Every structure is written in structure tokens, then in C-alpha cells.
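Input: a single structure, listed below in C-alpha cells.
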Amino acid sequence: MAEEKQEIDPSHGAVEPSQGGQTGSGDSPRHHQEKVGIVKSAKMQKTIVVEVYRRVQHPVYKRIVTKRSKFMVHDEHKKAHEGDMVRIVESRPLSKNKRWTLKEVLREATTGV
């Protein structure tokens with residue numbers, strides 16, 4: 001068994017020159033998590049607060065419960081406004097609380113005049 005281990009180990013960590021130093025398959029893009037929610041606040045510069053609702057079953061009572069989460073989202077071009085429905089995508093940490101980026105505005109808020 002020791003001879004088999006010696007044969008496997010040298011080639012196990014080798015990286016081919018065609019991969020460019022990346023491990024794993026380099027041709028498939030990373031899939032980040034996406035969520036759809038409503039913009040609750042757009043008062044900060046380049047940052048919006050998006051509220052996402054989800055319906056889950058209660059673990060004990062087996063009843064459907066609505067839960068909500070708020071996410072700080074990076075909005076570089078100030079495209080979103082309060083009340084808009086937006087799609088957000090997971091990104092690298094941009095600040096202490098910002099880990100999401102605005103992907104697109106799905107539906108703009110209706111202004112009642």
C-alpha cells in the first residue's frame with residue numbers, strides 16, 4: 001500500500017500549464033446566489049436596502065410562516081428607488097455589511113399622484 005501512495009502523491013498536486021494556475025475547471029463560471037426583493041431605502045450613496053420575503057414551514061407547528069431578511073446592496077449608478085422590485089446577486093464583501101450587488105431593476109415603483 002505504501003508503494004501505491006508514493007505513485008499517486010507526486011501527480012496529485014500538479015498543475016498543468018494550460019490551466020494558468022487555477023485548480024478545478026476553468027471554463028465554467030461561478031454561480032452566485034440571486035434573490036428578488038423590494039427596495040426599502042435608497043437614501044445612502046451607492047447603497048440600497050432590499051427586503052426579501054420567503055415562506056418556510058415552521059419546524060414544530062408545520063404551518064407556513066413568512067420570514068423576511070434585509071440586505072445592504074451596492075447600487076453603483078443609483079438605478080433603484082424606494083418601492084422598486086430588484087434582482088440582487090451575491091458578491092465579495094464591499095464593506096462591513098454589504099455583500100450583495102444590484103443586478104437589475106425588475107419593476108419600478110408606481111407613483112400615486
With r as the distance between the Cβ atoms of Glu104 and Lys70 and R0 = 22 Å, compute the FRET efficiency 1/(1 + (r/R0)^6) and round to 0.05. 0.70
Of the residues Val60, Thr101, Ser91, the Cα lying farthest along the dipole of region 59-111 towards its positive end, which is defined by charges on the beta carbon of Lys, Arg, Asp and Glu, belongs to Val60
Counting Lys and Arg as +1 and Asp and Glu as -1 over every other residue whose Cβ sits under 12 Å from the Cβ of Leu106, the net charge comes to +1
Output the pairs from Lys35/Lys78; Lys62/Lys103; Lys40/Lys98; Lys40/Lys96 with a Cα-Cα distance over 26 Å in this structure; if there are none, say none. Lys62/Lys103
Just the number please: accessible area per residue for region 31-86, 1.4 Å probe, all protein chains included, in Å². 73 Å²
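The values are calculated or read from the model by the stated rules, or taken from the named source; none is laboratory data. Quick caveat, the model's predicted, so the values are computed rather than measured. Neighbour counts are summed over all protein chains in view; Cβ atoms, including those assigned to glycine, are modelled from backbone coordinates with ideal geometry. Accessible surface areas use protein heavy atoms only, side chains included; no ligands, DNA or RNA. Shrake-Rupley method; radii C 1.70, N 1.55, O 1.52, S 1.80 Å.
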